[in-house]
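See below for the structure under consideration.
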Amino acid sequence: MDLLNAFVALSNFVLIPAIAYGSQLAIGALGVTLVYGILRFSNFAHGDTMAFGTMVTILATWGLQAMGVSLGPLPVALLAIPVGIAGCAALVLFTDRVVYRFYRGQKVVPVIFVIVSIGVMFIYNGVTRLVLGPDDQRFADGERFIISARDFRDLTGLEEGLALRTTQGLTVVTAIIVVVALFWFLNRTRTGKSMRAYSDNEDLALLSGIDPERVVRVTWLIVAALATIAGVLYGLDKSYKPFTYFQLLLPIFAAAIVGGLGSPLGAIAGGFVIAFSEVGITYAWKKVLEYTLPERFAPDGLVQLLSTDYKFAVSFVILVIVLLFRPTGLFRGKSV
Amino acid sequence: MNDTLRATGLFALVALLVLGTGVFQSWNSALLILNMGLVSALMALGVNLQWGFAGLFNVGVMGFVALGGLAVVLTSMPPVGAAWAAGGLRVLAGLALGIGTIVGAVFAWKRVSGRARGWIVAVVLIVGFFVFRTVFDAGVEAVEAVDAATSGYLGGLGLPVLLAWPVGGLLAAGAAWIIGKTALGLRSDYLAIATLGIAEIVIAILKNEDWLARGVKNVNGLPRPVPYEVDLQADPAFTERAAGLGLDPTTASTLYVKLGYSVLFAIVLIAVLVLAQLALKSPWGRMMRAIRDNETAARAMGKDVTGRHLQVFILGSAICGIAGAMMTTLDGQLTPTSYQPLRYTFLIWVMVIVGGSGNNLGAVLGGFFIWFAWVQVEPLGQALMGLVTAGMSEGALKAHLIDSVQHMRLLTMGVILLLVLRFSPRGLLPER
């Protein structure tokens, strides 16, 4: 029995990665849920919007690195994020102008919007691959660890090491800032309030003189910012590959639906539910159990519930359970 | 009359395009386009059944197609005796236990009531899961250890490969039933997300479960319903006839084999097309369209909307499964890594929408037309990019531009989809 080491091992392999991944999913799911709340469709192009914003950020990062800019321990990509957001915002606003606005005017059923968003996804995907290619790109620089496993062992004298990567710390800090800023905007500012009003009851909002096109434009701006930030954080933490971003659609949608589509608070909760389940179920618990259980009961195998290749299955199963038992999600989102 | 004329004209145009490929490129590539066009048309018919008839949005076509491919391996490959002896029964017992656990949990959920229900179901699931893993994992390990370089899997049933086509349909129908039971009756986008998920999971299973179909090691040398080229070339009667047509034996044999596939595929496509047309014109088809156009009204007329949706969803997925089995038979191998959602799900959607959703002939036309475009865009793009970069000096930019041509397809397909949706939303052959 060695609970301290068990906790350190658990933090190192489950808690910290899951919190970082959960923050990335939460920011991604916030984008999906905002589009759903205001524009009323599931945006399948969201993964590729993230990829596009990240791509612009990467290009800007490379430019800054070439100019010799350095942030010391932090990655230069942080400086490039505004450029990425601007590029992404220009793209989604342009898309809205030439594609989505027409269908809004026609008042088509939501499923047509979904199909249109798939067409948009094709195009974003093609553009990203045309510019940067389909391969892995690394753009992280600066200090790799806030604290490395060896330093931690030397510091505490414990058997287990605890590594905290810079990108993980950065992810959590950025996520908190983004979420606080978003909620302040939605709850305190006039524009944010008009967005919420529009989301709750479109007719009433129009009646009280809210300009719908303005609400839509602001929404796209926020979505572009959220998508770029989520994409850059994920890319820094893991690696940037366009196809991975397409695959992120499933956990992101699962997070948004688990929390309740259209509910920002739900998106955050959903992101963490999905991340903790994914990491927890695909983690080999052998080490933690060895520390917590008496020696006689120590497990022989890895005690890994599912291989990491099936992490998508985890978000899928959670999605199915929520759809079966509580289709509106944990936080009672919309169900049209 | 005008509609018939339009359909005939467009089909003649597609035929002309394929024939043109034969004349200007080679007859082999023309037949290749024709064969995959037939398969694509069948997939498009399946999706059209779901979307055009019933308004169901399935973005998991890839998963159903891959299940069809799996069916070919499971049906037609010879069984690996050593693997069965090593752990075959254990794997099957493990699977049975896994299914038993789920059935038991569902049963417990339905029968028990009150506060204990959740706990009992949880206990059943957790205990069942660990028992399943204990039995199953050892079996899998034993099977995969058998001659891992050449087999390492259980093999199939050794039945004729044509039997795999309906089996592929059945596998896909089973998966569709599970999805339909959970996601139908909820909001329309939920079905889309659920099907997207199941497709990814099917591919993950194909890639990782080596005991089933060798995973990423691929299964090669699947049995064929048509003779082998080598045998044909060795047959004096065949070479003589080829010479009579003025062809050398090698070309003649490849053409003969491809034509054999074309005939088989055409038979299936025509059969499914006739059935789909009959269904569309029957009271059942009218009911489906009525449900699509106004669910509330259909419900008020006493129609079981969710039940009908489930039915048509299973039918459409089964057709995709059959097409997937046909495609794997044509390839002669199962390569799980080759299944890409953009190619197998969204391309089929472009076919249906460009062809004309709700019109079976339109789906078939879209299948041929878009497949032709998909194949031919790349050489065209290459030529175009070659022209653009002709004046540039050698360097990274030129290499990058020429390299990027392979991604032009995605862009082209996206633009085609958006343009058709915007300016001709009813497609080339609109629904009547």
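The values are calculated or read from the model by the stated rules, or taken from the named source; none is laboratory data. Since this is a predicted model, take the numbers as computed values, not measurements. Counting neighbours? That spans all protein chains shown, and the Cβs are built from the backbone with ideal geometry, glycine included.
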* What are the residues in region B:320-351 that are buried (at least 21 other Cβ atoms within 10 Å of the Cβ) and facing chain A (nearest Cβ under 10 Å), if any? -> B:341, B:345, B:346, B:347, B:349, B:350
* Scan region B:356-385 and report the pairs whose first residue is under 15 Å from residue B:416 (Cβ atoms) and whose second residue is among the hydroxyl-bearing types (Ser, Thr, Tyr), with Cβ atoms within less than 6 Å and a gap of 6+ or a chain change. => B:367/B:40; B:371/B:40; B:377/B:412
* Filtered residues of region B:382-416 (kept if facing another protein chain (nearest Cβ under 9 Å), farther than 23 Å from residue A:98 by Cα and among the charged types (D, E, K, R)) -> B:403
* Looking only at region A:96-118, and only at residues there that are under 23 Å from the mean Cα position of the chain (by Cα) and free of Cβ contacts under 8 Å to residues at least 40 places away in the same chain, the one that is nearest to residue A:219 (Cα to Cα) -> A:116
* Yes or no: residue A:233 out of contact with any strand residue (DSSP E or B) (no Cβ under 8 Å at 6 or more places or on another chain) and under 18 Å from residue A:18 (Cβ atoms)? -> yes
* Filter result for residue A:165 (in contact with a strand residue (DSSP E or B) (Cβ under 6 Å, 6 or more places away or on another chain) and buried (at least 16 other Cβ atoms within 10 Å of the Cβ)) -> yes
* Asked: surrounded by 23 or more Cβ atoms within 10 Å (Cβ to Cβ) and farther than 27 Å from residue A:122 by Cβ: does that describe residue A:232?
  -> no
* To do: Working only within region B:394-426, note down all residues that are of a type in the set (D, E, K, R) and closer than 19 Å to residue A:123 by Cα.
  => B:403, B:409, B:422
* Filtered residue count, region B:190-242, keeping only those that are in contact (Cβ under 8 Å) with a residue 60 or more places away in the chain and among the hydroxyl-bearing types (Ser, Thr, Tyr) -> 1
* To do: Would you be able to say whether some residue in region B:212-234 is more than 23 Å from residue B:329 (Cβ to Cβ) and crowded, with 23+ Cβ neighbours inside 10 Å?
  => no
* To do: Taking residue B:120 as the residue in question, decide whether it is in a helix (DSSP H, G or I) and surrounded by fewer than 14 Cβ atoms within 10 Å (Cβ to Cβ).
  => no
* Counted residues, region B:246-258 - those being part of a helix (DSSP H, G or I) and on the phi > 0 side of the Ramachandran plot -> 0
* residue B:154 versus (1) without any contact (Cβ under 8 Å) to a residue 24 or more places away in the chain; (2) within 23 Å of residue B:85 (Cα to Cα): which is the lone unmet condition? -> (1)
* Any residue at all in region A:290-297 that is away from chain B (no Cβ under 13 Å), aliphatic (A, V, I, L, M) and either touching an Asp or Glu at 6+ places or on another chain (Cβ under 6 Å) or in a helix (DSSP H, G or I) (or both)? -> no
* Asked: Is at least one residue of region B:50-63 more than 23 Å from residue B:267 (Cβ to Cβ), polar (S, T, N, Q) and under 14 Å from the mean Cα position of the chain (by Cα)?
  -> yes
* Structure fact -> Within region A:179-195, restricting to residues that are among the polar types (S, T, N, Q) and part of a helix (DSSP H, G or I), the one that is surrounded by the fewest Cβ atoms within 10 Å (Cβ to Cβ) is A:187
* Asked: Mind checking which residues of region B:259-293 are of a type in the set (S, T, N, Q) and either in a helix (DSSP H, G or I) or at pLDDT below 90 (or both)?
  -> B:262, B:277
* Structure fact -> Restricting region A:84-97 to residues that are surrounded by 19 or more Cβ atoms within 10 Å (Cβ to Cβ) and aliphatic (A, V, I, L, M), the one nearest to residue A:45 (Cα to Cα) turns out to be A:92
* Asked: Which of the residues spanning region A:307-333 are without any contact (Cβ under 8 Å) to a residue 24 or more places away in the chain, facing chain B (nearest Cβ under 9 Å) and not in a helix (DSSP H, G or I)?
  -> A:327
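Per-residue answers, yes or no, for (1) touching a Lys or Arg at 6+ places or on another chain (Cβ under 9 Å); (2) within 9 Å of chain A (Cβ to nearest Cβ); (3) hydrophobic (A, V, I, L, M, F, W, C):
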{"position": "B:164", "(1), (2), (3)": "no, no, yes"}
{"position": "B:167", "(1), (2), (3)": "no, no, yes"}
{"position": "B:171", "(1), (2), (3)": "no, no, yes"}
{"position": "B:195", "(1), (2), (3)": "no, no, no"}
{"position": "B:210", "(1), (2), (3)": "yes, no, no"}
{"position": "B:221", "(1), (2), (3)": "no, no, no"}
* The listed residue being of a type in the set (A, V, I, L, M) and either touching a His at 6+ places or on another chain (Cβ under 7 Å) or within 18 Å of residue A:265 (Cα to Cα) (or both), out of A:149, A:181 -> A:181
* **residue A:303 vs. criteria in contact with a strand residue (DSSP E or B) (Cβ under 8 Å, 6 or more places away or on another chain) and either closer than 23 Å to residue A:255 by Cα or of a type in the set (Val, Ile, Thr) (or both)** => yes
* Has region B:281-303 got any residue that is crowded, with 17+ Cβ neighbours inside 10 Å and without any contact (Cβ under 8 Å) to a residue 12 or more places away in the chain? -> yes
* Just to be sure, is residue A:137 of a type outside the set (Phe, Trp, Tyr), within 14 Å of chain B (Cβ to nearest Cβ) and under 19 Å from the mean Cα position of the chain (by Cα)? -> yes
* To do: Just name the residue that is nearest to residue A:98 (Cα to Cα) out of those in region B:417-427 that are more than 8 Å from every other protein chain (Cβ to nearest Cβ) and crowded, with 20+ Cβ neighbours inside 10 Å.
  => B:420
* **Set A:252, A:257, A:176: member being assigned to a helix (DSSP H, G or I) and surrounded by fewer than 15 Cβ atoms within 10 Å (Cβ to Cβ)** => A:176
